[in-house]
Amino acid sequence: MTKPSSRSSRHARPIRRRKFILKNGIAAPGGGSTAFVPVPLEWRGTTRQVCGLFPWASPGQLPLEGAPIGRHQKSRAVICFDHVSWFLAHRIANPSVLIIAKPGLGKSTLASKLMLWLAALGYIVLIPGDTKPDYVEFTRRLGGDHRVVARSGGAALNPCDPGGMAAAAARIGGAAGATLLAEAIGKATVCISALVELGRKGPVADYEEAAISACLRLLYTRNEGAVPVLREVVELLETRPNAVRAVILDRGVDEAYDRLVDPLQRSLRALLDGQFGDVFARRVQRTADRPPVVNIDTSRIKAGDPRFLAAVMIAAWSDMYGMVEADQALADEGLAPRRLYCLTLDELWRVLRLGGTMPDRVNELTRLNRTQGVGQIMITHSIRDLAPGRNSEIEGIEERAGAIVIGGVPKKELIALDSVVTLTNAEQNAIREWWSTSVSALERNEVPPGAGKFLIKASSEDPGIPVDVVLTSAETEWGGQNTNKVWGGGRGAGDAR
Ligand SMILES: Nc1ncnc2c1ncn2[C@@H]1O[C@H](COP(=O)(O)OP(=O)(O)OP(=O)(O)O)[C@@H](O)[C@H]1O
Ligand SMILES: [Mg+2]
């Protein structure tokens, strides 16, 4: 906003003061005291048009594309944001958003808002790993598919069959089908290797990965489209097939084969009958129709079991990413309708914090081409979970995030964020305050004042948009966003106002 400056008024035509201009107005017919003070004219301009007056206290024009999520903290203007609409409007380079804030500050609530909007636009919402669970009511209200994973008797996750890709490959046939099958085997190998790593708490050797891949290839070609399960991989390895012998280079010596393959055998058997129950041992029942929401509920797995939870999350991610790839390959061939997706990875930190090669595995599994029509929401507590110090490969995740949304975080987190985004002093102070006020509120068992306060950064250099996320009456009424329900009425969403 610019106002005529005193400098410019020096050059303006001087007002000739006449004696009939009095204190209260003009002493002439029609004159008199001024009833109201007119509002001065305001102008808006780009930095090019009014250069020299940059930086602005707030961005000149707020985006009108996307879900109306709340109000600008300063101007109270409506803020519209979702990663897909902003991508389509060329505001961000890829359709994904990384949401970072300390616990209880409304990350999942904001994600629900974005998902609700995209579901209304016809996107299929995929939630592989609802750990709290935060999105059960959301799924129920939208008529979605709610699959509960439990150690025994719950929904199955077959790591050999990511999302029914092999069945889709068989339907497609020809060169395109063969390419999809190769992708399916690659994805299944990554998933099984990650599970083995989690089970044995150590890395998987390259020849072990090659052995898994060779087994899967054999099983898929032998069974002609029938989906294998992990037990069949174990049984096949027992028969010392030539395809596996070739990749592990045992030179035809049985003792060498056993020495190399036995550790893998032990780890795979532990996956089937050990600490992970029967989750990874069974086939998944698949249907061609897609409900508006698919929610894999991992809440039955307790927080004290981080490895099992991470294993389930990884298998669930692999399954959903596989499903998207299968659907898009079928659509490319005209065998299925073209669908668009919103995929939400909440509680990303649970897997990343296990360290080791987990960040690499996450990177491998979540590398989706934006041409596949998937908008991603990634949610974590700290940018340091993704930091190069842990593992250089993970840098890709925050680089792949089109927009970064930052909620209340402490000072040391701001220092880490500094390497990824440029934050002005005012922005840093606000973020720190949202966190510090929230800590004291948590001690008093209230909804923190920092809940729902976020800074939306469309790029690392652009000034952020500070937003107060506002829950609609419907959201408050259904209580679906109240992830503190277990505390009774004390800390509900409705109490925030
Ligand atoms: N914009 C908001 N207005 C009012 N209340 C809110 C808002 N956002 C979140 N809350 C309340 O704060 C609580 C925590 O929200 P939410 O579960 O979304 O946080 P979170 O950041 O995902 O937490 P966690 O890291 O533990 O998963 C919820 O009960 C919700 O009702
Ligand atoms: Mg949450």
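The values are calculated or read from the model by the stated rules, or taken from the named source; none is laboratory data. Please read these numbers as outputs of a predicted model, since none were measured by experiment. Glycine also receives a Cβ, built like all others from the backbone with ideal geometry; neighbour counts cover every protein chain displayed. Ligands, DNA and RNA are excluded from the accessible area calculation, which covers all protein heavy atoms including side chains. Shrake-Rupley method; radii C 1.70, N 1.55, O 1.52, S 1.80 Å.
For the reader, a short list of remarks on this structure follows.
- Test: residue in segment 344-356 that is closer than 23 Å to HIS83 by Cβ, at pLDDT 90 or above and away from ligand 1 (no atom under 16 Å from the Cβ): no
- Checked against the criterion of being open to solvent by less than 10 Å² (accessible area, probe 1.4 Å) and either of a type in the set (Lys, Arg) or within 26 Å of ARG171 (Cα to Cα) (or both), segment 192-200 has at least one qualifying residue.
- So VAL190, is it touching a residue at least 40 places away in the same chain (Cβ under 8 Å) and touching an Asp or Glu at 6+ places or on another chain (Cβ under 6 Å): yes
- Residue match in segment 408-425 (condition: on the phi < 0 side of the Ramachandran plot, at pLDDT below 85 and within 16 Å of ligand 1 (Cβ to nearest atom)): no
- Of all residues in segment 357-383, those satisfying the criterion of being part of a helix (DSSP H, G or I) and either within 16 Å of ligand 2 (Cβ to nearest atom) or at pLDDT 75 or above (or both) are GLN372, ILE383.
- Checking ALA111 against (1) more than 12 Å from ligand 1 (Cβ to nearest atom); (2) open to solvent by less than 10 Å² (accessible area, probe 1.4 Å); (3) part of a helix (DSSP H, G or I), the condition it does not meet: (1)
- Residues of segment 71-100 that are within 16 Å of ligand 1 (Cβ to nearest atom), more than 18 Å from SER460 (Cβ to Cβ) and not β-branched (Val, Ile, Thr): ARG71, HIS72, GLN73, ARG76, CYS80, ASP82.
- Selected residue (only one of ILE124, ILE92, ILE99, ILE79 is at pLDDT 90 or above and within 16 Å of ligand 2 (Cβ to nearest atom)): ILE99
- Residue in segment 198-210 that is in contact with a Leu (Cβ under 6 Å, 6 or more places away or on another chain) and either of a type in the set (Val, Ile, Thr) or not assigned by TED's automatic domain parsing to the domain that holds ILE456 (or both) present: yes
- Positions within segment 472-497 being closer than 22 Å to ILE100 by Cβ, within 15 Å of ligand 2 (Cβ to nearest atom) and either open to solvent by 30 Å² or more (accessible area, probe 1.4 Å) or at pLDDT 70 or above (or both), in sequence order: THR483, ASN484
- Any hit, segment 79-96, residues being buried (at least 22 other Cβ atoms within 10 Å of the Cβ), in a strand (DSSP E or B) and within 15 Å of the chain's Cα centre (by Cα): yes
- Segment 165-183 - residue that is of a type in the set (A, V, I, L, M) and free of Cβ contacts under 8 Å to residues at least 40 places away in the same chain and, of those, surrounded by the fewest Cβ atoms within 10 Å (Cβ to Cβ): ALA175
- Filtered by the rule that a residue be part of a loop (DSSP other than H, G, I, E, B) and either open to solvent by 100 Å² or more (accessible area, probe 1.4 Å) or at pLDDT below 70 (or both), segment 34-49 gives THR34, ALA35, PHE36, VAL37, VAL39, LEU41, GLU42, ARG44, THR47, ARG48, GLN49.
- The single residue among ARG251, ARG269, ARG286, ARG300 that is out of contact with any strand residue (DSSP E or B) (no Cβ under 9 Å at 6 or more places or on another chain), in contact (Cβ under 8 Å) with a residue 12 or more places away in the chain, more than 17 Å from LEU236 (Cα to Cα) and open to solvent by 60 Å² or more (accessible area, probe 1.4 Å) turns out to be ARG286.
- When segment 102-142 is filtered for residues that are on the phi > 0 side of the Ramachandran plot and under 13 Å from the mean Cα position of the chain (by Cα), only GLY129 remains.
- Some residue of segment 118-129 being more than 20 Å from PRO68 (Cα to Cα) and either touching a Ser or Thr at 6+ places or on another chain (Cβ under 6 Å) or open to solvent by 10 Å² or more (accessible area, probe 1.4 Å) (or both): yes
Let's see how each residue does on (1) more than 24 Å from ARG307 (Cβ to Cβ); (2) surrounded by fewer than 21 Cβ atoms within 10 Å (Cβ to Cβ); (3) touching a residue at least 60 places away in the same chain (Cβ under 8 Å):
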{"position": "ILE185", "(1), (2), (3)": "yes, no, no"}
{"position": "SER213", "(1), (2), (3)": "no, no, no"}
{"position": "TYR220", "(1), (2), (3)": "yes, no, no"}
{"position": "ALA243", "(1), (2), (3)": "yes, yes, no"}
{"position": "VAL247", "(1), (2), (3)": "yes, yes, no"}
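- Residues being among the aliphatic types (A, V, I, L, M), in the same structural domain as GLY373 (by TED's automatic domain parsing) and not in a loop (DSSP other than H, G, I, E, B) - total across segment 115-158: 10
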